[in-house]
Amino acid sequence: MVEDMNVEVNVYKVGDVVRGKVVKVEEKQVLVDIEGSKQSGIIPISELSSLHIEKTSDAVAVGDEVTAKVKKVEEGESEEEGLLILSKRAVDADRAWEELERKFSSGESFDVVVKDIVKGGLVADVGVRGFIPASFVETHFVEDFSDYKGRTLKVKVVELDREKNRVILSHRAVAEQEQEELRKQAFEKLQEGEIVEGTVRRITDFGVFVDVGGFDGLVHISQLSHARVAHPSEVVQEGETVKVKVLSVNKESGRISLSIKEAMPGPWEGIAQKIAPGDVVTGKVKRLVPFGAFVEIFPGVEGLVHISQISNKHIGTPHEVLKEGDEVQVKVLDVNEAEHRISLSMRELMEETAPEEDYSQYTKHAESTGFQLGEVIGEQLKKLK
């Protein structure tokens, strides 16, 4: 410091941090009026920002207050009037690194504005150059980032190396954390017995995994349909929206058991409106037992053909006439929806379709002889009298 008319005047040297006001903005540099000093300050365009800028007005405007570090002192007429070459970028970087180290340690998330799109990702200004790799932008694949410039993203610092001037940010990490929080909240609300909508995510041989609010539950193959299912792909497709009933929720293991079958109306529900006694339907023989055959006439709905109703001839066992897998026509004898029982008959259809005895030959013979049977009997009675 030097004294001039009892006024203290600061004389700055390399490494000092100064404050000042922008008084002129030129194409490649800005002029700064430094507080408490006769020295003039210049900030070259390369020292204005940690990011590449095309013109100085992209970073500052006349009247802006700036804090900068002295990079070089060019001599003037006196020591107090030397020209200071300043770096705003250096001060911003020092502050930024301190803040970034704090945020990295705490895992804090914060907002950044995407300043540029480069090969392999996005660039943000966090006091220093922050890079968001393409794989760290979203939880899903993004093919085109062109509309990301100027967008605000919430990010976390995932890698920090001051010596290499390396700052790696991730928006995906924030999105995954938010999804996990939502998943936990939804998981806590999920109740056994409730019916919810979900999306089929994955099909396996033993069942399907359905997303019910950010987490997957298993629908075992036995819970896919009221009818027998050979493979889950017969019933559902990936991406399909389905209704499922929550069978169980294990909060310790995070496992959820679901059922599509139990979210559907039962196969017997409304069966009395579908068929009635006297109807003739086609079905498939599912099981043979000593007392008859069970025939499936609707998916999941079987009726009994009692052994006495299988044939119009006497049989010892149903196996004499039928085998499992046969398609047969049956007549409905009785429907009991409440007790899930339907009585069927094959015999009655056989009797209804049996050919009538042909007596036409006798009629023709009588006509050709020119007399009736009654006349012959009458003549014989007269002779006896």
Checklist entry - Hey, what do the phi angles of region 231-247 turn into as Karplus ³J(HN,Hα) couplings, whole Hz, using 6.51/-1.76/1.60 and θ = phi - 60°, x for Gly and Pro? => result 8, x, 5, 6, 10, 10, 10, 4, x, 6, 8, 9, 8, 9, 9, 7, 8
Checklist entry - If we count every other residue with Cβ under 12 angstrom of Val17's Cβ, Lys/Arg +1 and Asp/Glu -1, where does the sum land? => result +2
Checklist entry - Which lysines have a Cα less than 20 Å from the Cα of Lys323, not counting those fewer than 8 places away in the same chain? => result Lys284, Lys286, Lys313, Lys331
Checklist entry - Can you list the HN-Hα couplings for region 42-52, worked out from phi with the Karplus curve (6.51, -1.76, 1.60; θ = phi - 60°), rounded to whole Hz and with x for Gly and Pro? => result 10, 10, x, 4, 5, 9, 8, 8, 6, 9, 6
Item to check | Computed FRET value (nearest 0.05) for Lys284 with Arg255, which takes r as the C-beta separation and R₀ as 41 Å | outcome: 0.65
Next on the checklist: Less than 17 Å apart at the alpha-carbon level, and either on another chain or at least 8 residues along: which lysines does that give for Lys103?
Outcome noted: Lys154, Lys156
Next on the checklist: Output needed: percent of Cα pairs per 10 Å distance bin for the chain, bins running from 0 to the one holding the longest distance.
Outcome noted: 4, 13, 13, 12, 10, 8, 8, 7, 6, 5, 4, 3, 2, 1, 1, 1, 0, 0
Checklist entry - Once phi is turned into θ = phi - 60°, what whole-Hz ³J(HN,Hα) does the Karplus curve with 6.51, -1.76 and 1.60 give for every residue of region 57-62, x standing for Gly and Pro? => result 5, 6, 10, 9, 9, 4
Item to check | Estimated inter-spin distance, His319 and Phe291, nm [label 7 Å along Cα→Cβ] | outcome: 1.9
Checklist entry - At Val113 and Thr152, where each label point lies 7 Å from the Cα along Cα→Cβ, what is the point-to-point distance in nanometres? => result 1.0
Checklist entry - Taking K and R as +1 and D and E as -1, what net charge do the other residues with C-beta under 9 Å from the C-beta of His171 add up to? => result +2
Checklist entry - Near Lys55, which lysines are there with a Cα under 16 Å away, not counting those fewer than 8 places off in the same chain? => result Lys24, Lys28, Lys88, Lys115
Next on the checklist: Once R0 is set to 35 Å, what does the formula 1/(1 + (r/R0)^6) return for the Cβ-Cβ distance between Glu176 and Met264, expressed as a FRET efficiency to the nearest 0.05?
Outcome noted: 0.50
Next on the checklist: List the residue ranges in the chain for DSSP H helices whose C-alpha atoms run 15 angstrom or more along the long axis and whose Kyte-Doolittle average is -1.0 or above.
Outcome noted: 373-384
Checklist entry - What does the highest-first list of 293-306, 139-152 look like by mean Cβ count within 10 Å? => result 293-306, 139-152
Checklist entry - Hey, if you put +1 on the Cβ of every Lys and Arg and -1 on every Asp and Glu Cβ in the chain, which of Ser49, Val73, Gly198 ends up farthest toward the positive end of that dipole? => result Gly198
Item to check | Under-5 Å amide H pairs with Glu159, H placed in peptide plane, nonlocal only | outcome: Ile168
Checklist outcome for this item: Rounded to 0.05, the calculated FRET efficiency for the beta carbons of Ala186 and Val11 at R₀ = 51 Å is 0.20
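Read-outs throughout are calculated quantities, based only on the coordinates presented, and are distinct from any laboratory measurement. Predicted, not measured: the structure shown is a model, and the values here were computed from it. Every residue, glycine as well, gets a Cβ built from its backbone with ideal geometry; the counts of neighbours run over all protein chains shown.
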